[in-house]
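The values are calculated or read from the model by the stated rules, or taken from the named source; none is laboratory data. Keep in mind it's a predicted model, so treat the numbers as computed, not measured. Methodologically, a virtual Cβ is constructed for each residue, glycine included, from the backbone with ideal geometry; neighbour enumeration extends over all protein chains shown.
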Amino acid sequence: MRAASSSARVDPGALERRLHALLDERYHDKHPFNLRMHAGALRPDELRRWVRNRYYYQTRIPIKDGVILAKSEDREFRRSWIRRITDHDGDARHEGGLELWLKLADAVGLDRREVASLRNVLPGVRRACDAYVELVTGSDLLASVAASLTESRAGALLGLRAAAFEKHYGWIAPEGLAYFRSRTEQAPRDAAEGMAYVLAHASSPADAERCVAALAKKCEILWALLDAVEWGGTKPRLARSAQLRAGEGMVVLPERAVRLTGSGREILGACDGSRSVEEVAASMRSRHPDAENVERDCYEFLEQMQKLGVIEAPA
Amino acid sequence: MSAAAAEAAPRPLNLVAELTYRCPLRCPYCSNPTNLRDFPDALSSADWARVFREAAALGCVHVGLTGGEPSARRDLPEIVAAAANADLYSHLVTAAMPLSSAGLAQLKERGLRSVQISVQDAEPGSSDEIAGAVSFARKCELARTAKQLALPLTLNVVLHRRNLGRVREIIRLARELGADRLELANAQYHGWALANRAALLPSRAQIEDAARVVAAESRSAAKPEILFVLPDYFRDRPKPCMGGWARTHIVVAPDGRALPCHNAAQLPLEFWNVREKSLAACWEESPGMRAFRGEAWMREPCRSCPERVRDFGGCRCQAFALTGHAANADPACSLSPDHARITASHQEPARAELRYRERTA
């Protein structure tokens, strides 16, 4: 590049401070759901919902790391980065993070087959996790690595979490906490590696901006995941402004009418303000034990109805 | 599919009951016809009750009680009760004059389900100036009453050059008033608004700025739900006017004519009157309703256009007003040979003064 670019070099110290300032502001350790988790305020059903849904995020990690690997021409980089995949998938000698997460599922009283089937993953959680893989897929190597820098806060968060679980959630067997312990060690190492890469390779102001933007997007994704988990616990009911016309299979609102299909009527009928979104889906499952995609269809229908104002779901 | 089958009358969902064209406001973009004096209030509350029953039998589930100003009719409580008796979801569209808070409470008792209140701007002086009447304070008061009565509340603001710069303040006003829904309705250039186009048409930059504000504000809070549709004058494609001609909406004008939209009486078509025929006959068989139902009427470029199923060729009234032929493609479409009639308007010299509609109540 020409000499003019020398005046526009990136100060690594300044970039690192910016990335940390961003995490200070937007990392999901401050999300209300996490605050409640660590204060011991979550009910068992809320913790189970989180464990069940967060598993989908866990399954995306080795996939996005595979995408990152495929972006690098550097053998040394790949030799180091590939460890992240085995950390989660495991190998002949070690159980990986995914198995440890299923042990957490066992410990909180979930059926690990149900968790692994992903059939109860809430659509907002799925969207958030898929958005992470898409972000990495659509970014260059530098921005992809920058997106992983939330790891630099994960060690502290998981240490806090392991302690909070021991202190507040005594009903969870200690074997269930192995995931948190393993990541408390892995995350700082991964974060240091990622940060060193970003600071060494962000050479122009535009690079720095892309790194900051990718990390901001990642923070948004983690935040949205928890928002979606919270939504699963809200108790939907027909909106005050909505008139259900059962005979015609229609809901009328101040300025629109919504036609319901057969199962739509049934789902809406279960939204009486006493059942959570998850419980509505469970009741649909018990009525249709052998049908496919019952939960997913139910969640998607409820999301759509909420967007249209047909149901209200106060937190 | 045969043409006859394609033109079979679909089931309407929404009855728009234009109870009167009288109104204490004089907005220069009023959607009523410019010859509104030719539309007397010809239907009694008993006539409206019959129209409501017939509409429900046809399949309508919703009635918008509008005008003009519907509360200019003293028998509005009976009309609201008739809508409830016909099992229609009733939605009142009002300028908040002369309707009082006590009057709104009475309408709710009679079965009113929801209310839309118009405001002309976020700034009282400007709002009153555009309305051509001192009205802003009353509107805010009635909006608060609606909330106290637990009536779902929509705030409607018509946007144009003079108030687009205050979209943020308008959204703040809607939040203060507790509106469930905010309709930011870009002026549509028919009738009165077409006569005032040179004084109302905004710049593209104004529209884009407003769209950005709306997008940011919509993300920041769930309420109110904000409806902002880019105006057809600034897009390359027409809007799917009324969801298609005589497909889902029946408008009954104050004189009793059953129309497919607010402006259709301006077209050289024969529409039937509910005083002489049943609403079902007016809807299914009147030559005017049948004229542009389906696709058989379409000319090129609409006839072979894959987008015709989405926009139905756009607005017949706009095609008529700007090209002289209602069956032409809506000139808002860039594929229309008459598209320059839209784009040229962006070069028109701006006019400062407004042409108000006459005072009628």
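Miscellaneous remarks
- Evaluation of A:Val258 against (1) assigned to a helix (DSSP H, G or I); (2) within 14 Å of chain B (Cβ to nearest Cβ); (3) not charged (D, E, K, R) (one fails), failing number: (1)
- Condition met for B:Ala131 (buried (at least 20 other Cβ atoms within 10 Å of the Cβ), in contact with a Leu (Cβ under 8 Å, 6 or more places away or on another chain), touching a residue at least 40 places away in the same chain (Cβ under 8 Å) and within 29 Å of B:Pro231 (Cα to Cα)): yes
- Some residue of the range B:46-64 being assigned to a loop (DSSP other than H, G, I, E, B), at pLDDT 95 or above, away from chain A (no Cβ under 14 Å) and buried (at least 22 other Cβ atoms within 10 Å of the Cβ): no
- Qualifying residue in the range A:229-239 (condition: over 23 Å from A:Glu278 (Cβ atoms), within 14 Å of chain B (Cβ to nearest Cβ) and not charged (D, E, K, R)): no
- Filtering the range B:94-108 to residues that are surrounded by 22 or more Cβ atoms within 10 Å (Cβ to Cβ), within 20 Å of A:Ser241 (Cα to Cα) and of a type in the set (A, V, I, L, M, F, W, C) leaves B:Leu104, B:Leu107.
- Candidates B:Ala57, B:Ala83: the one that is among the small types (Gly, Ala, Ser) and either under 22 Å from the mean Cα position of the chain (by Cα) or closer than 19 Å to B:Asn263 by Cα (or both) is B:Ala83.
- Out of A:Thr59, A:Thr86, one residue alone is closer than 24 Å to A:Thr150 by Cα, hydroxyl-bearing (Ser, Thr, Tyr), free of Cβ contacts under 8 Å to residues at least 24 places away in the same chain and in the same structural domain as A:Glu134 (by TED's automatic domain parsing). It is A:Thr86.
- Test: residue in the range A:7-26 that is of a type in the set (Ser, Thr, Tyr) and either under 21 Å from A:Arg181 (Cβ atoms) or touching a residue at least 40 places away in the same chain (Cβ under 8 Å) (or both): no
- Looking across the range B:144-165, just one residue is out of contact with any Asp or Glu (no Cβ under 9 Å at 6 or more places or on another chain), among the small types (Gly, Ala, Ser) and either more than 14 Å from every other protein chain (Cβ to nearest Cβ) or surrounded by fewer than 17 Cβ atoms within 10 Å (Cβ to Cβ) (or both), and that is B:Ala150.
- The one condition from (1) of a type outside the set (Lys, Arg); (2) under 28 Å from A:Ala41 (Cβ atoms); (3) in a helix (DSSP H, G or I); (4) within 19 Å of the chain's Cα centre (by Cα) that A:Ile63 does not meet is (2).
- Filtered residue count, the range B:97-111, keeping only those that are part of a helix (DSSP H, G or I) and of a type in the set (Gly, Ala, Ser): 4
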